[in-house]
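Undergrad: Got a structure here, written out as structure tokens. Questions coming.
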Amino acid sequence: MTDRFPGVRFAAKRLLGAVLVLLVLSAALYALFYLVPGDPAQLACGERCSPAQVAQVRGQLGLDEPAFAQYLHFLQGLFAGRDYSAGTSLQHCAAPCLGLSHQNDQQVTTLILAGLPATASLAFGAMVVWLALGVGTGLLSALRRGGATERVLTVLTLAGTGTPVFILGLLLLMAVCAYLQWLPFPSYVPLSQDPEQWAWNMLLPWLTLGLFESAKYARLTRSSTLEVLAEDHIRTFRAYGVSERAVVTRHALRGALPPVIALSALDLGSMMGGAMLTEQLFGIPGLGRLLIESVRSVDLPVVVGVVLVIGTAVVLANALADVLYALADRRVVLS
């Protein structure tokens, strides 16, 4: 079947490679956070715990076993769940189990699932903004090459690339909320609670990330479009009298989009954890904010869980980008 459908074989190979990378990532994270100098049992128990209490916690968490056995228990929790001893009782952590928080004994998976919708809505909304603005601006700049429009768009693109995202967010807050008073200051509302208020309060975070990323997509779209416009088949279309608008929209843009699609998949994956500044600025209770709070409180299980989820999103996004690029560009040989 895979010989008849090379795309299936290509996707399967990329998925297998992603799984292997995730296993290596999980081992590296576990070694980095649990096997370095320091005592996770002391962190879990607290500074005022006696040596006997720390030893009890170490046994309950399985930290008194060999390092390899601890990692196997960690993998077991990810794929099958595991039990944690809590004195005389057992607490079951269903798969995918990332451990228990040291701060409140909640399951890390529960904390991550609570912040995931906010981060996902921020990332997907920002992607819509950066694709609309970036592709549109890049295409217009390519069509107006050498004119005043291209120069103005180039300056705006460079300004957008060089402006830090938190500065851009602060400028939007001051301009839209304080000076013009078009919107109240954002206060996150869950989508399930009030979709309209959710959208209004997410508008500025979407614009902040979207404007910041759109500059990169404008430059990529412009360079890809100009490269395609210089190819032989485009000259053939023009020689046959096809209108310039049709040449660009039906043929050139189709050839210029594959790198844009691939980059969008990569950026979407990185946004799952790379929007920490935006989440902090606008008070969005997402994964980035959870990671910052966990680092401050040295809550190792939450830090490891969030980093692993973010790493998984990035690895899967890379695999998805490869597949989408291969499907969008017929010149890529699937193997």
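Undergrad: Restricting to the stretch 293-307, name every residue that is over 11 Å from TYR30 (Cα atoms), of a type outside the set (A, V, I, L, M, F, W, C) and either assigned to a helix (DSSP H, G or I) or in contact with an Asp or Glu (Cβ under 7 Å, 6 or more places away or on another chain) (or both).
TA: GLU293, SER294, ARG296
Undergrad: Among the numbered conditions (1) out of contact with any Leu (no Cβ under 6 Å at 6 or more places or on another chain); (2) open to solvent by less than 60 Å² (accessible area, probe 1.4 Å), tell me where ALA265 comes up short.
TA: For ALA265, the exception is condition (1).
Undergrad: Moving to a separate point now. State yes or no: is TYR188 of a type in the set (Phe, Trp, Tyr) and surrounded by fewer than 17 Cβ atoms within 10 Å (Cβ to Cβ)?
TA: Working: of a type in the set (Phe, Trp, Tyr): yes; surrounded by fewer than 17 Cβ atoms within 10 Å (Cβ to Cβ): no.
No: the conditions fail for TYR188.
Undergrad: Out of all the residues in the stretch 214-250, which are among the aliphatic types (A, V, I, L, M) and closer than 30 Å to PHE124 by Cβ?
TA: ALA215, ALA218, LEU220, LEU226, VAL228, VAL248
Undergrad: Quick one: is VAL135 within 20 Å of LEU263 (Cα to Cα), modelled with pLDDT of 85 or more and open to solvent by 70 Å² or more (accessible area, probe 1.4 Å)? Don't jump to the end; show me each part of the working.
TA: Numbers: within 20 Å of LEU263 (Cα to Cα): yes; modelled with pLDDT of 85 or more: yes; open to solvent by 70 Å² or more (accessible area, probe 1.4 Å): no.
Answer is no for this residue.
Undergrad: Okay, moving on. Condition first: open to solvent by less than 10 Å² (accessible area, probe 1.4 Å), part of a helix (DSSP H, G or I) and of a type outside the set (A, V, I, L, M, F, W, C). Now tell me which residues in the stretch 274-288 satisfy that.
TA: THR278, GLU279, GLY288
Undergrad: Hey, another quick one. Would you mind telling me which numbered condition in (1) at pLDDT 90 or above; (2) surrounded by 14 or more Cβ atoms within 10 Å (Cβ to Cβ) GLU196 fails?
TA: It fails just one condition, (2).
Undergrad: While we're on this one: If the requirement is being open to solvent by 10 Å² or more (accessible area, probe 1.4 Å), closer than 21 Å to LEU78 by Cα, touching a residue at least 60 places away in the same chain (Cβ under 8 Å) and touching a Gly at 6+ places or on another chain (Cβ under 9 Å), which of these qualifies: LEU291, LEU308, LEU300?
TA: LEU300 is the lone residue from the list that is open to solvent by 10 Å² or more (accessible area, probe 1.4 Å), closer than 21 Å to LEU78 by Cα, touching a residue at least 60 places away in the same chain (Cβ under 8 Å) and touching a Gly at 6+ places or on another chain (Cβ under 9 Å).
Undergrad: Evaluate the following for ALA95: is it at pLDDT below 80 and either on the phi < 0 side of the Ramachandran plot or out of contact with any helix residue (DSSP H, G or I) (no Cβ under 8 Å at 6 or more places or on another chain) (or both)?
TA: Judged against the criteria, ALA95 is not a match.
The values are calculated or read from the model by the stated rules, or taken from the named source; none is laboratory data. This is a predicted model, so every value here is computed, not measured. Because the Cβ atoms are built from the backbone with ideal geometry, glycine has one as well, and the counts that use them run over all protein chains shown. Note: accessible area is taken over every heavy atom of the protein model, side chains too, but ligands, DNA and RNA are not part of it. Shrake-Rupley method; radii C 1.70, N 1.55, O 1.52, S 1.80 Å.
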